[in-house]
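*Asks:* After the structure tokens below, expect a handful of questions from me.
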Amino acid sequence: MFDRMRILEIKVPPPIGMLAMGVLAWFAARYLPTPWLQFLPNRAVAAALAIAGLVLNVYPKLLFGRAGTTINPLKPDSTTHLVTSGIYRYTRNPMYLGQSLILLGWTVYLHSFAGLLAVPAFILYISHFQIRPEERVLAARFPEEYAAFCRQSRRWV
């Protein structure tokens with residue numbers, strides 16, 4: 001069964017996965033109303049999370065551009081350089097962390113406890129079908145450098 005699931009690896013661009021989970025969160029908020037603490041700065045908190053998520057998506061792309069390597073998550077085998085500086089000193093996957101924060105901001109904005117389940121669902125999906133396959137490719141392309149990078153930096157935070 002798990003071998004059959006490998007056909008899903010690196011097939012869906014991560015932003016599309018995030019958007020799909022955002023739509024599911026919206027449906028959950030709309031059709032599965034759950035009690036949610038209504039607090040005044042929810043829009044400010046949602047905006048702060050979304051802005052932090054956007055920064056974590058843009059900044060790493062700039063680092064990839066400076067290194068002259070691909071940012072295409074569907075083609076990890078096109079990677080020419082391993083980026084380990086900047087935000088990558090703290091997390092190996094800042095773009096996926098950023099997408100998770102954007103999704104979290106969306107669920108805060110929706111006031112949806114049921115919709116909040118989209119965040120761990122996205123993290124599980126992206127970990128299994130995107131991050132692990134990318135890690136296999138990077139470990140094969142840069143064996144010593146990637147092993148050192150994994151010792152230095154966590155997968156998420």
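*Asks:* Kindly indicate which of LEU74, LEU82 is outside any helix (DSSP H, G or I), modelled with pLDDT under 95 and either touching a strand residue (DSSP E or B) at 6+ places or on another chain (Cβ under 6 Å) or hydrophobic (A, V, I, L, M, F, W, C) (or both).
*Replies:* Only one candidate passes the filter, namely LEU74.
*Asks:* Just checking, how many residues over the stretch 102-157 are outside any helix (DSSP H, G or I) and either touching a Gly at 6+ places or on another chain (Cβ under 6 Å) or at negative phi (or both)?
*Replies:* Selection size over the stretch 102-157: 8.
Residues checked against (1) within 22 Å of HIS128 (Cα to Cα); (2) in contact (Cβ under 8 Å) with a residue 12 or more places away in the chain:
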position	(1), (2)
PRO15	yes, yes
THR34	no, yes
ASN42	no, yes
VAL55	no, yes
TYR59	no, yes
THR69	no, yes
ASN72	yes, no
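*Asks:* Then there's this: Can we say ALA50 is over 30 Å from ALA139 (Cα atoms), part of a helix (DSSP H, G or I), more than 17 Å from the chain's Cα centre (by Cα) and not hydroxyl-bearing (Ser, Thr, Tyr)?
*Replies:* So ALA50 does not fit the description; no.
The values are calculated or read from the model by the stated rules, or taken from the named source; none is laboratory data. Everything numeric in this text was worked out from a predicted model, so none of it was measured. Please note: Cβ atoms are built from the backbone with ideal geometry, for glycine as well, and neighbour counts cover all protein chains shown.
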